[in-house]
Every structure is written in C-alpha cells, then in structure tokens.
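The structure appears below as structure tokens.
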Amino acid sequence: MKTECTPTQLEFHPLVRRQVTGKFDGGTITSDGGGLLLREVEKRVGIIRQFSECFEDLRDPDLIEHTVAELIAQRVYGLALGYEDLNDHDDLRNDPLLAVLVGKTDPEGEDRIRSRDKGKAMAGKSTLNRLELTPAEPTEKEKRYKKIIMKPENIDRLFVDLFLQAHDKAPEQIILDVDATDDPLHGNQEGKFFHGYYGHYCYLPLYIFCGEFLLCARLRKSNNDASAGTVEELERIVTRIRRVWPEVEILVRGDSDFCREKIMAWCESNGVKYVFGIAKNNRLKAMIAEEMNEAVRLYEQMGHAARVFKDFRYETLKSWTRERRVVGKAEYLAKGENPRFIVTSVAMGQIGAQALYEEVYCARGDMENRIKEQQLYLFADRTSTSKMRSNQLRLYFSSIAYSLMQALRRLGLHGTQLSKAQCHTIRLKLLKIGAQIRVTVRKVWVSWAEGYPYAELFAQVHGNLRAYG
C-alpha cells in the first residue's frame with residue numbers, strides 16, 4: 001500500500017468562524033518569479049554561455065535531450081536562486097519558469113522522449129551528477145556515462161576575461177586582493193587534512209578579487225602554507241590583464257599570510273606594487289616604542305582610541321633578501337596596546353603612512369565580505385563529492401553563480417536601494433517572487449503575486465537592464 005507523505009489537505013488555526021485549509025493544487029506556480037532578471041543579465045553579458053564553452057562534450061548529439069549549455073545553466077541558476085543540492089533538481093525540473101531561464105524551447109516538457117520524463121523539461125539529479133563527476137581522462141568504462149569534460153584552464157581564463165569585458169576602457173589602477181579561507185569537510189574527501197588554526201578538516205581555497213570581480217577561486221589542500229600557489233595565479237592573471245591593458249598600474253593586497261619573500265620578489269621583478277600585513281614581533285614593536293608611548297599619552301588625554309604611525313625601512317634577519325618600506329601603527333585601546341604593521345613597495349613620497357594603512361590596506365576587508373557572500377549564500381563550501389576535481393568544479397559553479405549575481409548588482413541595481421546589497425538580500429527581495437506560469441504556442445505568461453511589496457523596485461531594475469542593451 002502506497003504511503004502518502006504529503007497530505008492532500010492541511011488544516012490551520014481557524015479565522016474566527018472560517019476554516020483555514022491549504023492544498024498543493026494551485027496549478028503551475030513558481031516561487032522564483034524574479035529569476036527572469038538573471039536571464040536578462042545573462043542575455044546581455046553571456047556569463048553562463050561562455051562558461052559552458054569551457055567543457056568538451058563527447059556525447060552523440062543525436063542521442064541527447066539536454067545540451068551542455070542547458071545542464072550548466074540549470075545548475076548555475078539553481079545556485080543563484082538558493083538551491084544548493086543536486087537532489088533539489090528532481091523537483092525543480094518540473095518548474096517551467098526555470099526551464100525558460102535555462103533556454104528550453106519546450107518549457108513544459110511535453111515533447112520528452114520517455115514517458116516517465118513527460119512534464120519534466122530539465123535534467124534530474126543523476127544527469128547533473130554525471131556532469132560533475134566526469135574525470136579529466138575517463139576510462140572506456142567511464143565514457144559510457146561520463147562524457148562531459150571540463151577544461152579548468154579555460155575556466156580560469158574566463159574569470160579574468162569577464163572582468164576585462166565589464167570595462168569599456170582601461171582603469172588607471174587596479175587592486176588585486178588575495179586571501180585564503182577554510183572550507184570545512186565532514187566526509188572522506190580526497191585531499192582533506194586537519195588544519196590546526198581552524199581546528200577541523202578542511203580545504204584551503206585561494207581567492208583573488210578585484211573589487212567585486214572574482215578572478216580566481218582555486219581549491220587547495222590545507223596542509224600547505226596559505227600563500228601556496230599565489231605567484232602562479234598572479235602571474236597568469238597579470239599577464240592576461242596586461243595583454244589587454246598594458247599601461248594599467250597593478251597593486252596586490254593581502255594579510256600577513258601573503259607576506260612572503262617569493263611573492264614580494266615576484267611583484268618587484270614584474271612591476272607590480274604590493275601592500276601586505278606583517279606578523280608583529282619584538283624587533284618591530286621596539287621600532288615603534290616611542291610612537292606607542294605617544295599613543296598612550298593621547299589616549300589618556302582624549303579618553304578614546306589613539307593611533308600614531310611610523311614610516312621606516314626594515315629587513316628580517318633571514319627570510320627577506322632586501323630592505324623594504326614598513327609602516328607601523330602604534331595604537332592604544334581601552335584593552336591596551338594594539339600594534340600593527342604592513343610592508344609595501346609603494347614609495348614613501350607617493351602616499352603617506354596613515355593613508356596607506358587606513359585607506360589602502362584596511363579596504364581589503366571588503367574582499368572578506370565577498371568570500372563570505374559566496375560561501376554562505378552561493379554554497380562555495382558545498383564540496384562534498386569524493387574527488388577533489390569534482391569539488392573544484394562545484395567551486396567553479398558557485399563562482400559563476402556569484403559572477404552572475406554580481407553582474408545583476410552592477411548592471412541592474414545601480415541607483416537603487418539595493419545597489420550595495422549582498423546576494424541573499426537580492427535573492428529574497430527580487431528573485432523569490434510567487435508567480436503563475438502559463439505557456440501558450442506564442443507566449444510565456446508570468447503573472448506575479450499582486451501583494452509583492454517591491455514591484456516598483458523590480459520595475460526599476462528591469463528598466464536598468466533594458467537600457468544596458
């Protein structure tokens with residue numbers, strides 16, 4: 001006997017004498033009616049289209065129902081709309097609006113070949129899973145089902161190309177922010193290690209941003225230094241940027257994890273400026289002793305936090321090969337001394353010590369917000385497959401979803417109250433709209449909920465996107 005897990009009718013607390021009941025019989029209704037804005041962005045910038053071109057499809061074109069572009073679009077749109085798991089797509093494949101976003105010409109799935117697939121326009125979890133699990137060089141046995149191979153080097157180039165495409169002309173200066181973060185692991189994933197600082201098993205992905213633009217998302221094992229691979233990634237990114245913008249000034253910014261001789265020497269040899277934090281030590285603290293005394297005096301005089309800066313030359317005893325400019329911040333707070341240091345290749349005459357620390361270095365905190373945004377709201381930490389390659393592909397999917405949402409923010413939300421909103425706020429207020437879908441021979445009708453409170457804002461965003469071209 002079949003068990004009904006979902007009752008046909010749900011009873012709720014009555015409204016005075018009126019009975020309140022609910023039933024899943026409203027017809028073709030979606031909760032993602034605002035997803036059409038993402039489709040408008042994609043039609044203008046082609047992020048998902050270019051991403052899908054980074055895959056090699058070995059399938060027989062006469063035997064497939066879902067193209068690579070459609071499979072990838074389904075996965076990326078799903079992440080952008082808040083669906084982190086492949087299992088979600090077994091239900092999402094019934095949503096005709098998502099099928100419209102993906103580009104299915106038969107959004108109701110009426111022309112599917114198998115009877116069991118009728119009414120389901122898109123791929124299920126198993127098909128999408130095979131897309132993720134295809135190895136770089138599948139064996140003859142694996143080729144039976146796993147025939148879509150990603151080209152990671154092409155994807156890496158794509159992130160830089162999307163950044164370049166977003167600018168009509170070269171800026172005078174760009175700042176590349178580098179940072180590492182932990183990606184906790186809870187299974188037996190390939191390449192997992194215990195990290196003493198974070199206190200758990202994890203990956204240690206490397207991120208490089210330029211403002212809000214994501215340029216690199218590299219999944220790495222956590223048994224290496226946080227800066228591992230940074231020079232190789234910077235060399236790749238800087239070379240590609242300078243090929244298009246040969247005169248642009250480039251500055252690399254990072255915390256003390258990236259204050260490494262190899263990175264600084266590479267920057268100095270390649271005309272790239274840098275600002276990195278330095279871990280404090282007794283030698284450095286002794287060099288700003290007078291400034292710290294002054295900060296204490298100012299704190300006692302004013303009754304609030306006081307800062308005094310010092311600009312000086314410094315060289316480590318062993319690890320550095322040359323003397324470099326260091327800025328020390330002697331700060332005294334209610335809890336006591338709080339000294340901080342940065343090292344830079346920016347000349348003393350170009351920018352003062354306080355401005356370099358407060359206006360240039362401290363601005364790197366915005367990159368940390370971008371990383372949190374991707375991990376928390378676009379599921380960059382959903383690296384739960386057994387292989388590192390497929391987990392890197394999941395990180396790529398999340399990164400493309402971030403790039404799509406960032407393009408919506410940049411092109412559609414400028415001049416609106418959400419111009420600085422993070423992905424989860426954009427999703428909640430603009431994408432999660434109840435809508436009825438009707439598909440006819442000539443049209444797809446989308447009827448949004450009349451009670452939607454941000455209709456005026458939605459129309460403004462739509463107008464911005466239409467004006468973009």
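No lab work stands behind these numbers, since they all come straight from the coordinates. What you are looking at is a predicted structure, and each value in this text was computed from that prediction instead of being measured. All Cβ positions, glycine included, derive from the backbone under ideal geometry; neighbour counts span all protein chains shown.
Its relative contact order, with pairs defined as Cα atoms under 8 Å and 6+ residues apart, puts the range 1-160 at 21 percent. Packing around the peptides 9-20, 286-297, 438-449, taken as the average count of other Cβ atoms within 10 Å per residue, puts them in this order, highest first: 286-297, 438-449, 9-20. Going down the table (Lys221/Lys429; Lys125/Lys151; Lys118/Lys387; Lys146/Lys192), which pairs top 29 Å between alpha carbons? Violating the 29 Å Cα-Cα cut-off are Lys221/Lys429; Lys118/Lys387. Computed from backbone phi with θ = phi - 60° and the Karplus coefficients 6.51, -1.76 and 1.60, the 3J(HN,Hα) list for the range 136-152 is 5, 10, x, 6, 4, 5, 5, 5, 5, 10, 10, 10, 10, 10, 7, 10, x Hz; x is used for glycine and proline. Ranking Leu63, Gln375, Ala73 by how far each Cα lies toward the positive end of the dipole of the chain (charges on Cβ) leaves Leu63 at the top.
On full extension of the chain, what length is gained from Ala355 through Tyr197, given 0.36 nm per residue of separation minus the C-alpha to C-alpha distance?
So the chain would gain 53.8 nm between Ala355 and Tyr197.
The phi-based Karplus calculation (6.51 cos²θ - 1.76 cosθ + 1.60; θ = phi - 60°) puts the 3J(HN,Hα) values of the range 25-39 at 9, x, x, 7, 10, 10, 9, 10, x, x, x, 4, 5, 5, 5 Hz, whole numbers, x for Gly and Pro.
Working ranking of peptides 395-401, 228-234 by packing, defined as the average number of other Cβ atoms within 10 Å per residue, highest first, is 395-401, 228-234. Calculated on the alpha-carbon coordinates, the convex hull of the range 77-204 measures out at 190 cubic angstrom per residue. Scaling the Cα radius of gyration of the range 405-461 by the globular reference 2.2 N^0.38 Å produces a ratio of 1.28.
In a simple Cβ point-charge model (Lys, Arg +1; Asp, Glu -1; nothing else charged), the chain has a dipole of about 400 debye relative to its Cα centre. Our analysis of the range 290-431 gives Rg over Rh at 1.13, with the two radii drawn from alpha carbon positions and Rh computed by the Kirkwood formula. Legend: residue pairs Lys280/Lys420; Lys23/Lys443; Lys143/Lys432; Lys104/Lys147, Cα-Cα distance threshold 30 Å; pairs beyond threshold, Lys280/Lys420; Lys143/Lys432. When the range 137-199 is described by a simple charge dipole with +1 on each Lys and Arg Cβ and -1 on each Asp and Glu Cβ, the residue from His186, Tyr197, Met150 located farthest towards its positive end is Met150. Rg and Dmax of the chain, based on Cα coordinates, read 26.3, 84 Å. What the phi angles of the range 112-122 give under the Karplus curve with 6.51, -1.76 and 1.60, with θ = phi - 60°, is a coupling list of 4, 5, 7, 4, 5, 9, 4, x, 10, 6, 10 Hz, glycine and proline written as x. Here each label is just a point 7 Å from Cα along the line to Cβ, and for Phe24 and Phe12 those points are 1.7 nm apart. Cross-link partners of Lys273 among lysines, defined as those whose alpha carbon lies under 24 angstrom from its own and excluding same-chain residues fewer than eight positions apart: Lys169, Lys262, Lys310, Lys318, Lys329.
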